[in-house]
Amino acid sequence: MKHLPVFTLALLITAGSLQAQEPPQPPPEPSPPPPPVQALAPAKAERPLSATGTVEIHLFSGSISLIGWEEAKVEVSGKVGGGVNNLQMEGGEDRVVINVTPDLESFGLPEANLEVRVPSKGRVLVEIINGSIKTEGLAGRVSLESVNGSINISGIPREVEISAVNGTITLEGDGSMAEGTLETVSGDIN
């Protein structure tokens, strides 16, 4: 066994106690909890549109019910969720575009459940990612696209173009549609 001189041993002990010691760090602050899920809030808007004008609707998630009427305007009513930043309705008497824009700072999905009244003889274009589309009383050109959701058409549109990736397409009426294209990747056509 080796013995260190007392002087060397004292020097080692002193050097060890002179080293700077960092004070203990407090634990990190916990992340704030996500905001509570908000209930769907009411939404309402309207805009003039000619009897043969075009309505274009873009929605991420939810449902759209389109109803044809004889008024010279588009009327939107329904509810939007906490993930929605804005229900935008723009355009003039020949074309109206409705966008439900997501709130990029929200934890919620941009969901909206809308009822849209449109001139029955006008043109309607709808794109929805995750949700259903239902129509009634439309007699003009109708173009509907859904990635994940059902599409139900009631009435006798002049022309239809319907596309669903994952969803059922249902046509209710007397079959007097002039022309149309119906396609679904994973779903039925009734």
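The values are calculated or read from the model by the stated rules, or taken from the named source; none is laboratory data. All values derive from a computational prediction rather than experimental measurement. Don't worry about glycine lacking a Cβ; one is built from the backbone with ideal geometry, like all the others, and counts go over all protein chains shown.
One table, with the values for the structure above:
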read-out	value
Residue check for Gly62: at pLDDT 75 or above, small (Gly, Ala, Ser) and surrounded by 17 or more Cβ atoms within 10 Å (Cβ to Cβ)	yes
Leu144 being among the hydrophobic types (A, V, I, L, M, F, W, C), buried (at least 20 other Cβ atoms within 10 Å of the Cβ) and at pLDDT 95 or above	yes
Index of the failed condition, Val160 passing every other in (1) under 22 Å from Pro119 (Cα atoms); (2) over 24 Å from the mean Cα position of the chain (by Cα); (3) of a type outside the set (Asp, Glu)	(2)
Asn86 vs. criteria part of a strand (DSSP E or B), at pLDDT 70 or above, among the polar types (S, T, N, Q) and surrounded by fewer than 17 Cβ atoms within 10 Å (Cβ to Cβ)	yes
Failed item in (1) at pLDDT 85 or above; (2) surrounded by 20 or more Cβ atoms within 10 Å (Cβ to Cβ), with Val100 passing the rest	(1)
Residue list for region 118-131, restricted to those being of a type outside the set (D, E, K, R), within 16 Å of Ile67 (Cα to Cα) and either within 12 Å of the chain's Cα centre (by Cα) or surrounded by 19 or more Cβ atoms within 10 Å (Cβ to Cβ) (or both)	Val118, Pro119, Ser120, Gly122, Val124, Val126
Criterion violated by Asn166 - all others in (1) farther than 22 Å from Glu75 by Cα; (2) touching a Lys or Arg at 6+ places or on another chain (Cβ under 9 Å); (3) not hydroxyl-bearing (Ser, Thr, Tyr) satisfied	(2)
Tally, over region 139-157, of residues that are within 24 Å of the chain's Cα centre (by Cα) and in a loop (DSSP other than H, G, I, E, B)	2
Test: Gly91 is surrounded by 16 or more Cβ atoms within 10 Å (Cβ to Cβ), touching a Ser or Thr at 6+ places or on another chain (Cβ under 9 Å), closer than 24 Å to Gly137 by Cα and modelled with pLDDT of 85 or more	yes
Neighbours by Cβ (under 8 Å, 6+ apart or cross-chain): first from region 23-52, more than 20 Å from Glu70 (Cβ to Cβ) and part of a loop (DSSP other than H, G, I, E, B); second of a type in the set (Asp, Glu) and modelled with pLDDT of 60 or more	Leu40/Glu111
